[in-house]
Amino acid sequence: MTMHTNWKDLLLRFLLGGSAVVLSYAASVLLPWKALGGIFATFPAVMIVAVLMVGWAQGSARASEIARGSVYGMAGCAVCVVAVLYFMKTTGLWWLSLGLGLVCWYLSAFLIYKVRRSIKSS
Amino acid sequence: MVRLSLAALLLRFLFGGGAVVLASVLSKKLGGSVGGIFAAFPAVYLAALVAIRLDHTGNELVARSISLSQGALIGMGINILCAAAVGYLCAKRGWKRGLSLSIGGWFAVSLGVSYLLFSI
């Protein structure tokens, strides 16, 4: 049962993640609204699948908790985007900006995770 | 005229889906605090960013990446609102209705914001 749920979970994540990147690409090529490509690139595929799977198995109250918890994860992702944008604009170096963006994401996500845990345990 | 090829779309679909699945599997395998952190890996954004390299190089690559990241920054703001809305609506109206309304809201707000940015 767990194995079956895992495969369903991964398949949904694959479909939504793939669709988001395709939508982002199609929007950036076909539409004059360039921001839309970037917005689609942040489609919350992982949060949606997590809420869907938990809602299905454990009900609305637990699904609501998962969605609230994902706000913290998204804050870490926003730090990553800000860092990539900043380094891309200041250095013009693509790989360096991507690497530093990942470092900033990990540090901010780690900090947010620790703060959340200490708030929960207090 | 700009055209989309099926191969380019398929490649991006596999790449985006693969990135999300890889981050999910890594998150479960690592477990603990590192696994918890990887559960919120920005896989779709990074996959979209890397996918730009398939078509562009040099200054054009950096310019396109900046454009994508500017949109992504707005998108992250919308996502945070969307997640808060899902949390609220799932508790008030049930997870099916709450999730559907929030995704619909995410789509409408994204289109509205893009339209406003384009019009101004």
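Couple of notes before you dig in:
- Among A:60, B:41, A:37 the positive-end extreme of the charge dipole of the protein assembly as shown (Cβ point charges): A:60
- Dividing the mean sequence gap of close Cα pairs (under 8 Å, 6+ apart) by how many residues region B:1-55 holds gives a relative contact order of 36 percent.
- Value at 222 nm in deg cm²/dmol, rounded to 500, when DSSP H runs of n ≥ 4 in chain B each add -39,500 (n - 2.57): -29500 deg cm²/dmol
- Rg/Rg_ref, chain B, where Rg_ref = 2.2 N^0.38 Å and atoms are Cα: 1.26
- Local electrostatic count, residue B:53, Cβ distance below 15 Å [Lys/Arg +1, Asp/Glu -1]: 0
- Rg then Dmax, both in Å and based on the Cα atoms of region B:13-82: 14.0, 40.
- In region A:72-121, the alpha-carbon atoms span a convex hull of 48 Å³ per residue.
- The contact between chain B and chain A removes approximately 6200 Å² from the accessible area (both sides summed; 1.4 Å probe; ligands, DNA and RNA excluded).
- Estimated Rh, region A:32-81: Kirkwood, alpha-carbon pairs, angstrom: 12.1
- Projected area averaged over orientations for the protein assembly as shown, convex hull of C-alpha atoms, nm²: 13.9
- Over 23 Å apart at the Cα level, from the set A:8/B:28; B:28/B:96; A:34/A:89; A:89/B:28; A:89/A:114, are B:28/B:96; A:89/B:28; A:89/A:114.
- Plainly put, chain A has a radius of gyration that is 1.03 times its Kirkwood radius, both from alpha-carbon atoms, as the Rg/Rh ratio.
- Solvent-accessible surface of region B:1-55, averaged per residue with a 1.4 angstrom probe and all protein chains in place: 52 square angstrom.
- Amide N proximity, region B:97-120 versus residue B:81 label position 7 Å along Cα-to-Cβ, cut-off under 19 Å: B:98-120
- Among the trypsin sites (Lys or Arg not before Pro) in region B:1-81, those located in a DSSP loop and surrounded by at most 13 other Cβ atoms within 10 Å of their own Cβ are B:3.
- Length released on extending from residue A:121 to residue A:102, taking residue separation times 0.36 nm less the Cα-Cα span: 4.0 nm
- Percent RCO, i.e. relative contact order, over chain A, from Cα pairs under 8 Å lying at least 6 residues apart: 16
- Extension gain for residue A:91 to residue A:65 (0.36 nm times residue separation, less C-alpha to C-alpha distance): 5.4 nm.
- By the combined test of axial Cα extent (at least 20 Å) and Kyte-Doolittle hydropathy (mean at least 1.0), the qualifying DSSP H helices of chain B come to B:6-30.
- Cα-based convex hull volume of region A:1-58 per residue, rounded to whole Å³: 60
The values are calculated or read from the model by the stated rules, or taken from the named source; none is laboratory data. Note that the coordinates shown come from a computational prediction; the quantities given were computed from them, not determined experimentally. For neighbour counting, all protein chains shown are included, and Cβ atoms are generated from backbone atoms with ideal geometry for every residue, glycine included. Just so you know, the surface numbers come from the protein's heavy atoms only, side chains and all, with ligands and any DNA or RNA stripped out. Shrake-Rupley method; radii C 1.70, N 1.55, O 1.52, S 1.80 Å.
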